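The values are calculated or read from the model by the stated rules, or taken from the named source; none is laboratory data. All values derive from a computational prediction rather than experimental measurement. Note: ideal-geometry Cβ built from the backbone for every residue, glycine included; neighbour counts use all protein chains shown. Calculation scope for accessible area: heavy atoms of the full protein, side chains included, ligands and nucleic acids excluded. Shrake-Rupley method; radii C 1.70, N 1.55, O 1.52, S 1.80 Å.
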Amino acid sequence: MIFDGIIIGLVSFVTIGIFHPIVIKCQYHFSDKIWPVFLVLGILLLGLSTLVSNTIGSAALGVAGFSCLWSIKELKEQTERVRKGWFPENPRRKKK
């Protein structure tokens, strides 16, 4: 039996689940201006995924890379959720 598909699915599920709180915490502490970090990390992870010969490892890096890139959009949406009062705003951040 080949379990690669199940393992990749589990890795995808866990990775996406981990990125939800990461986006919330990053937006709270750094605002959505941290998006370039997600861009660089996403590109690096996608590049690394092309260099790994193991299917599961390559897929895991690819999923993490695209999750970083998707997080850029989520950071902007999280800022909007904070503005609407759905999530707490960092009281130590200066308002513009």
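What to note about this one:
- The string of couplings for the stretch 25-30 from the Karplus curve (6.51, -1.76, 1.60, θ = phi - 60°) is 5, 5, 5, 5, 7, 10 Hz, one whole number per residue in order, with x for Gly and Pro.
- Extreme residue, positive dipole direction of the chain, given options HIS29, GLY5, ALA64 (C-beta unit charges): HIS29
- For the stretch 4-96, the solvent-accessible area works out to 68 Å² per residue, with a probe of 1.4 Å and every protein chain left in place.
- Oblate is the label for the stretch 14-54. Its Cα gyration tensor axes, ordered a ≥ b ≥ c, give a/c of at least 1.5 and b/c at or above a/b.
- Net charge dipole, the chain: roughly 800 debye, given to the nearest 20, about the Cα centre with Cβ charges of +1 for Lys and Arg and -1 for Asp and Glu.
- The apolar share of the surface of the chain, taken as the fraction of accessible area on carbon and sulfur atoms (1.4 Å probe, ligands and nucleic acids excluded), comes to 72 percent.
- Rounded FRET efficiency, nearest 0.05, which uses the C-beta distance separating ARG81 from ILE2 and R0 of 35 Å: 0.30
- Entry for mean projected area of the Cα convex hull in nm² (calculated from the structure that is shown) out of (1) 9.0; (2) 6.8; (3) 10.7: (2)
- Built amide H within the under 5 Å cut-off of PHE87, gap 5+: VAL82
- Gaussian network model of the chain, Cα within-10 Å springs - most flexible of GLY42, GLY57, GLY65: GLY57
- Each of LEU44, ASN54, PRO88 was placed along the dipole of the chain (beta-carbon charges, centred on the mean Cα), and the one lying farthest toward the positive end is PRO88.
- Cβ-Cβ FRET estimate between ASN90 and ILE56, R0 fixed at 22 Å, reported to 0.05: 0.05
- Overall form of the stretch 42-96 per C-alpha gyration tensor (a/c, 1.5; a/b vs b/c): prolate
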